[in-house]
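Here is the structure we will look at, set down as structure tokens.
Where a number appears in this text, it was derived from the coordinates with a stated rule and is not lab data. Keep in mind that this is a model prediction, so the values were computed, not measured. FYI the Cβ positions are ideal-geometry reconstructions off the backbone, even for glycines, and counts take in every protein chain you see.
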Amino acid sequence: MRGRRRGLSVAERAVRARPGFPMHQPPASDALRRQRSQGRVALAVARMPGGATRITDLAESGPLRLRLPRPEPGPMEAVLLNSAGGIACGDQFTVEARLADRADLVLTTTAAEKIYRSDGPVTRLDVTLALESGAALAWLPQETILFDGARLARSFDAEIAADAQLTLFEALVFGRAARGEVVREGALGDRWRIRRAGRLAYADTLRLDGDIAGRLARPAIAGGARAMATLLHVAPDAESRLDQARALIEAAGCAALAVEAGASAWNGLMVLRLLGSEIGTLRLAAARILEGFRGRPLPRVWQT
């Protein structure tokens, strides 16, 4: 087995079959199966001789599309667009990105993603990333909003070279507080696996099922918070940036915004987590932290 793995490239290892969630998937009628949506974007980018990063391969299907804003100085920016406007029960969306040596890419989304109530089938969102030597990827989507009764299984699988740099940001919202929404029940499986130079560097799994509101109220889980976010930075210098991350938490005014935040670093990675009562204040704090940490503005779609 080990001999075969050494013969695989970073990209090939990243697209190996992923284990599924042990989340119960009720049987669906033929009518429901016909109504389910499947969207996929698979792109490959490479650094050109002049230094710019450009797409070398792109496949799109279903309602999921990729848009490229007008080029600006800095990394190449690509925007994921869900033309369906949301994700319903049983839908399956897949994003795959492969970065060749020294490619530099920012991936974001046009808007917050909405996961609607399900009558049973589980919605799947799967992200697979592969970074070759010296590549840098910033995954910066806008927040994912779970509606009451939503059932979501989401996975992030990344395979990166030892000297690559990966920055992942994800925010989850359990109902829109401004509209009085409460997620009383549902199911969430959120699985992250990062492998560096073929070895597992980071593994994190969150599972919430049944009484979501009750579980979020527990001090050991969310302490009543209804919005949460994670910033994961994997790079050779990640641990040395811990002091910067903690200083940014203070500079972002998290305490004044009633956003709880903390950061830690180990094994060549840095993790920063945020908890808030609603997405508005958490998003503001996260935006300040992200801009300070990356040293550049957020994608323009974040302001629209």
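Just report the Cα centroid separation between region 272-288 and region 189-235, whole Å.
Region 272-288 and region 189-235 have Cα centres separated by 15 Å.
Sort Trp302, Trp266 so that the residue with the fewest other Cβ atoms within 10 Å of its own Cβ comes first and the one with the most comes last. Intermediate results must be reported in sequence, preceding the final value.
Values: Trp302 18, Trp266 12.
Ordered from fewest to most neighbouring Cβ atoms within 10 Å, Trp302, Trp266 come out as Trp266, Trp302.
What whole number of Å gives the distance from the Cα centroid of region 119-185 to the Cα centroid of region 71-108?
First find each Cα centre; the distance between them is then 12 Å.
Could you size up the charge dipole of region 173-237 around its Cα centre, putting +1 on the beta carbon of Lys and Arg and -1 on that of Asp and Glu, and report it in debye to the nearest 20?
On the way: 12 positive and 7 negative charges, 31 e Å.
The calculated dipole for region 173-237 is roughly 160 debye.
Given all pairs of different Cα atoms, what value in angstroms does the Kirkwood hydrodynamic radius of region 148-304 take? Please list the in-between numbers first.
Values: mean 1/r = 0.0605 Å⁻¹.
Radius from the Kirkwood sum: 16.5 Å.
Only four residue types carry charge here, +1 at the Cβ of Lys and Arg and -1 at the Cβ of Asp and Glu. Report the dipole size of region 76-149 about the Cα centre in Debye, rounded to the nearest 20.
Working: 5 positive and 11 negative charges, 15 e Å.
Dipole magnitude for region 76-149 comes out near 80 debye.
Report, in debye and to the nearest 20, how large the dipole of the chain comes out about its Cα centre when Lys and Arg carry +1 and Asp and Glu carry -1 on their Cβ. Could you put the intermediate results ahead of the total?
Details: 43 positive and 33 negative charges, 121 e Å.
So the dipole magnitude of the chain works out to roughly 580 debye.
Ranked from highest to lowest mean number of other Cβ atoms within 10 Å per residue, what is the order of the peptides 126-139, 105-118? Please report the intermediate quantities before stating the final value.
Working: 126-139: 21.8, 105-118: 19.9.
Going from most to least packed, we get 126-139, 105-118.
If I compute Cα extents along the principal axes in Å from the structure I just sent, which labelled value in (i) 68, 52, 38; (ii) 88, 43, 34; (iii) 52, 51, 42 lines up?
This structure yields the entry labelled (iii).
For the chain, what proportion of DSSP beta bridges, expressed in % and rounded to the nearest 5, is antiparallel? Each step should come with its number before you reach the end.
On the way: 47 of 102 bridges.
Restricted to the chain, the bridges split so that about 45 percent are antiparallel.
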